[in-house]
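Data block below; observations after.
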Amino acid sequence: MALPLLPTTVVGSYAQPDWLVNREILMGRGPARIRAHDIWRVPEEFLDDAQDDATVVAIRDMEQAGVDIITDGEIRRESYSNRFATALGGIDIENFAIVPGRSGKPSQVPRITGPIRRVGPVEVRDVQFLRANTDRTIKITIPGPFTMTQQAQNDYYPDAESAAMDYAAAVNEEIKALYAAGADIVQLDEPYMQANPDEARKYAVKAIKRALEGVTGTTALHICFGYAHTITTEKTGGYNFLAELEDCTVQQVSVEAAQPKLDLSILSVLPSKKLIVGVIDMGDPNIETAETVADRVRNAVAHAPAERLVIAPDCGMKYLDRKTAFGKLKAMVEGTKIVRRELAG
């Protein structure tokens, strides 16, 4: 399906239905780094079928809202990163460590106890299922090597960079399998580049280059200030790590712009990239109007050519209820259409 000017997309996750997950547990914990089986309401013997059914619901919501580039909503995941990160060889998920998380609270994380390696497909069936259930352009998301390194305790490698490079090799194998399974776009989630910019400058771009080595499909990278639900401090100022991505082999970069009211002149630091600009505020429980979205899209167009822009929510929609998530997607699409008509004259 051909994409229009200013195509719309989602960053990754969509609201999981309350019949599938215990929202009280989900909201109380924040993103899990180890497995969190207790969030599922459905018995294990029925869980795969239930997740498939909920994934179809997410796909249909995105289609009905009019989103151009859709995902599977990450419905099968307990968090954006733990499903892939805990499926790798060399990772001990039973004897976890406790370290300060991004929000400053103690976080349970897996321990690296041996060589990190991909032992088999993790998200390949997710892509196959998504491809079989829509004719739209599809994107699948996968945690990036730098962020996974930051979300684990290294008890094996001589330094964090060595761990990140092996994470990158595992990601590289999975990405190639995801394209073979039918993915149009693969997005790496790397929020910890913004959280730990000094560490990121040492080896994050190098790890991303390794993760994308030999990859020929369209690639995106999401970098943000963190879920609005878990990062409750005011998001002000600009990105601490962004210009460095101009030297990265990724083709698209996602930036969170609505909630932090980001000065979009910062887009100029990525002149060769397509820019996925966030226009939906995940911290606002109210559904934006189409005109509010249109104003945010116009602001983006004022700072970068429309041909290089993709329109999206700031971040994942996992912590929203379904009604709000769908309403925000609908407003995003309608507001973008207003600007498309203006640009068409």
Once the Cα gyration tensor of the chain is found, what semi-axes does its equivalent ellipsoid get, as square roots of 5 times the eigenvalues, in whole Å, sorted largest first?
-> 29, 23, 20
Return the distance in nm (one decimal) between the two label points of a simple spin-label model at E173 and F46, each offset 7 Å from Cα along Cα→Cβ.
-> 3.6
Gap in Å between the Cα centre of region 92-135 and the Cα centre of region 270-285?
-> 25
Under a point spin-label approximation (7 Å from Cα along Cα-to-Cβ), what is the K209-K323 distance to one decimal in nm?
-> 5.1
Considering only DSSP beta bridges with both partners in the chain, what is the antiparallel share in %, to the nearest 5?
-> 20
Could you give me the ³J(HN,Hα) list for region 6-12, computed from phi with Karplus coefficients 6.51, -1.76, 1.60 and θ = phi - 60°, whole Hz, x at Gly and Pro?
-> 6, x, 9, 8, 10, 6, x
Here the convex hull volume per residue of region 188-345, taken over Cα atoms and given in Å³, is 114
The chain: DSSP helices with Cα axial extent of at least 27 Å and average Kyte-Doolittle hydropathy no lower than -1.0 = 44-65, 160-180, 322-344
To the nearest Å, what is the center-to-center distance of region 1-74 and region 172-209, using C-alpha atoms only?
-> 21
Please give the FRET efficiency for R60 paired with R23, using the beta carbon to beta carbon distance and R0 = 22 Å, rounded to the nearest 0.05.
-> 0.60
The chain: relative contact order in percent, alpha carbon pairs under 8 Å with at least 6 residues between | 19
Which value in deg cm²/dmol, rounded to the nearest 500, describes the helix-derived mean residue ellipticity at 222 nm for the chain, given -39,500 (n - 2.57) per DSSP H run of n ≥ 4 and division by the residue count?
-> -11000 deg cm²/dmol
Spacing of the two label points (7 Å from each Cα toward its C-beta) at Q108 and D263, in nm = 4.3
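Computed from the coordinates by the stated procedures, all read-outs in this text should not be read as laboratory data. No experiment lies behind these values; they were computed from the predicted model shown. Because the Cβ atoms are built from the backbone with ideal geometry, glycine has one as well, and the counts that use them run over all protein chains shown.
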